[in-house]
Amino acid sequence: MKDLETNWSRQELQTYLFIYSINADYKESKEELEAISLKTNEKVYKRMHAEFEKDNDYASIQKIKNSLNNLNYSKEELDKLFEEIKELFLSDGNYEILERNLMTGLKRVLK
C-alpha cells in the first residue's frame, strides 16, 4: 500500500493523469502526446510515463486520488482539470466511447 502513496507536485499529478487518460483507448496518438507536451516539460513527462508504465489500473487510480487529496484541489480546480482532459481527448479529432467512459468513471471516483 505504501507504493500507492505519492508526494507529487501539481505538475507531476496532472502529467500522470493526462498520460493515464490518453491511454483510455489503449493508444497514445501523436496529437495527444503533443497536447501533453504543451502542458508539461519533457523531464516530468518521461518520469511520470515510466511510473505509469509500471502501475496497473488500481494503482493509477489510487495514486491519482491520493495526490488530489494531498494537493487539496478545489471543486473549481477539478472542473478545470476535467476540461483539460476532455481537450486532450479531442486533440486527435476523436472522442471515443472508451474515452467518454473513462471521463465518467474519473468524475465518479475523483469528485
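Mind telling me which of Lys43, Lys86, Lys63 comes out most flexible in a GNM of the chain, alpha-carbon contacts under 10 Å? Looking only at Lys43, Lys86, Lys63, the biggest GNM fluctuation is shown by Lys43. In summary, the aspartates and glutamates within cross-link reach of Lys107, defined as a Cα separation below 12 angstrom excluding same-chain residues under 8 places away, comprise Asp79, Glu83.
What is the gain in length, in nm to one decimal, between Arg47 and Glu96 on full extension, counting 0.36 nm per residue of separation less the C-alpha to C-alpha distance?
Extra length available between Arg47 and Glu96 comes to 14.9 nm.
If every alpha-carbon in the chain counts as one equal scatterer, what log10 I(q)/I(0) does Debye give at q = 0.10, 0.17, 0.19 1/Å? Debye curve over Cα of the chain, log10 I(q)/I(0) at q = 0.10, 0.17, 0.19 Å⁻¹: -0.25, -0.77, -0.99.
Once all protein chains are placed together, Leu33 keeps about 60 Å² accessible to a 1.4 angstrom probe. Please identify, among Asn66, Asn101, Asn23, the residue showing maximal mean-square fluctuation in a Gaussian network model of the chain using a 10 angstrom Cα cutoff. Largest GNM mean-square fluctuation: Asn101. Keeping to pairs on different chains or 8 or more places apart, tell me how many lysine pairs in region 1-77 have Cα atoms under 25 Å apart. For region 1-77, the number of qualifying lysine pairs is 29.
Ordering Val44, Val109 by accessible surface, largest first, gives Val109, Val44; the 1.4 Å probe counts only protein heavy atoms, with every chain in place. Taking the charge dipole of region 1-47 about its Cα centre, with +1 at Lys and Arg Cβ atoms and -1 at Asp and Glu Cβ atoms, the residue from Asn23, Leu38, Gln11 reaching farthest to the positive side is Gln11. For the chain, with a Gaussian network of springs between Cα atoms less than 10 Å apart, report the residue from Ser21, Ser74, Ser60 with the top mean-square fluctuation. Answer for the Gaussian network model of the chain: Ser74.
The values are calculated or read from the model by the stated rules, or taken from the named source; none is laboratory data. Everything quoted here is computed from the prediction, not taken from an experiment. As a convention, Cβ positions derive from the backbone with ideal geometry for all residues, glycine included, and neighbour counts pool all protein chains shown. For the accessible areas, the whole protein counts, side chains as well, though only heavy atoms, and no ligand, DNA or RNA atoms are used. Shrake-Rupley method; radii C 1.70, N 1.55, O 1.52, S 1.80 Å.
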